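Shown next, in structure tokens, is the structure this report addresses.
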Amino acid sequence: MIRITCYEPITRFDLARTLLGKGRYWTTAYLVDGLLVDSGCAHSANELRQALEDSPLSCIANTHTHEDHIGANGVLQRLRGGLEVRAHPLALPVLADPRGAQPLHPYRKLFWGWPTPSQATPIGDGETIETDHFIFQALYTPGHSPDHLCLYEAEQGWLFSGDLFVGGHDRALRAGQDIWQTIASLKRMAELPIQRLFPGSARVREQPAQELREKIAYYEERGEQVLALHRQGLEVDEIARRAFGGPMWVELVTLGHFSRRRLVEAYLGEDADKTGNVCNCG
């Protein structure tokens, strides 16, 4: 399933697998001046390919290598005669061999599917991608994944945030995410004069500065609560209940891969509060 929205000169593609007549677990790609930011999931790759048939395409930039953001890379690269793909250096092995380098849990195969391989050129922190009319700077923003990048167009004040920022107050986290790195990356983005934020899913933000600050504050407040409960000697599951409420259906669907417990464990990954103060959390 595909939905197309125009934010002139940016075209937004919301993409999802159709199950029982509805799109499930949407992800988003953006086309601007020949640059495609992410490419959705494998299940929607042909729909995206068809939508782009009459559009000039010079490059794909992947914000990270989770399967719902790289799904059409291989298809488009093959059909567009070796189309250039840019990604963080850590992303290249996954792009080259998605099945071997990034095994998928059952829910991820169901909703997003296996991407086909693609060959990419690395882009480092601060390097740029130039199109005919814009210059996009890659900013290394780990946390959601180790290879995560945001793309910033300073003249326009655009930020393509991938999955670093998608809004909301998270009550769960998927395995492999680093919550403290996420907070640090959000703080880095909050220092930029952003006018419009284009996330990897959810709505476009027209007042990104305020929402970034609110997201950072939420994460830090919850972190303080988790660490305080841990110092009291509470077990992880009880901390999860007190800090993030009761069970969530996503925990069942993902067999615990995405859960409140994962979020608590991410906060407790090191016995320090990331401000330099040692916590006696043992």
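Quick notes
- Answer from ARG108, ARG78 - the residue that is out of contact with any Leu (no Cβ under 9 Å at 6 or more places or on another chain), over 17 Å from ILE2 (Cβ atoms), part of a helix (DSSP H, G or I) and free of Cβ contacts under 8 Å to residues at least 40 places away in the same chain: ARG78
- Scanning segment 54-64 turns up one or more residues that are of a type in the set (Val, Ile, Thr), closer than 30 Å to GLU251 by Cβ and in contact with a His (Cβ under 7 Å, 6 or more places away or on another chain).
- Filter pass, SER185 being within 18 Å of the chain's Cα centre (by Cα), polar (S, T, N, Q) and at pLDDT below 95: no
- Every residue from segment 5-41 that is β-branched (Val, Ile, Thr) and at pLDDT 95 or above: THR5, ILE10, THR11, THR27, THR28, VAL32, VAL37
- Test: residue in segment 11-23 that is touching a residue at least 60 places away in the same chain (Cβ under 8 Å) and of a type in the set (Val, Ile, Thr): no
- Residue within segment 202-223 that is among the aromatic types (Phe, Trp, Tyr), under 21 Å from PHE165 (Cβ atoms) and in contact with a strand residue (DSSP E or B) (Cβ under 9 Å, 6 or more places away or on another chain) present: no
- Subset of segment 13-54 (residues that are out of contact with any helix residue (DSSP H, G or I) (no Cβ under 6 Å at 6 or more places or on another chain), farther than 24 Å from ASP132 by Cβ and either buried (at least 22 other Cβ atoms within 10 Å of the Cβ) or of a type in the set (Ser, Thr, Tyr) (or both)): ALA16, THR18, THR27, CYS41, ALA42, HIS43, SER44
- Candidates are the residues of segment 81-98 that are assigned to a loop (DSSP other than H, G, I, E, B) and over 25 Å from GLY176 (Cα atoms); the one that is modelled with the highest pLDDT is LEU83.
Residues are listed down the side, and each one gets a yes or a no for (1) surrounded by 13 or more Cβ atoms within 10 Å (Cβ to Cβ); (2) under 20 Å from GLN181 (Cβ atoms); (3) modelled with pLDDT of 90 or more; (4) in contact with a helix residue (DSSP H, G or I) (Cβ under 6 Å, 6 or more places away or on another chain):
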site	(1), (2), (3), (4)
TYR218	yes, yes, yes, no
GLU235	no, no, yes, no
ILE239	yes, no, yes, yes
GLY245	no, no, yes, no
MET248	yes, no, yes, no
LEU252	no, no, yes, no
LEU255	no, no, yes, no
SER259	yes, yes, yes, yes
TYR267	yes, yes, yes, yes
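- Tally of residues being among the aliphatic types (A, V, I, L, M) and not in a loop (DSSP other than H, G, I, E, B) across segment 156-183: 4
- Residue within segment 93-107 that is farther than 30 Å from TRP249 by Cα, in contact with a strand residue (DSSP E or B) (Cβ under 9 Å, 6 or more places away or on another chain) and not aromatic (Phe, Trp, Tyr) present: yes
The values are calculated or read from the model by the stated rules, or taken from the named source; none is laboratory data. As the structure is a prediction and not an experimental result, all values here were calculated from the model. We place every Cβ from the backbone using ideal geometry, glycine too, and count neighbours over all the protein chains shown.
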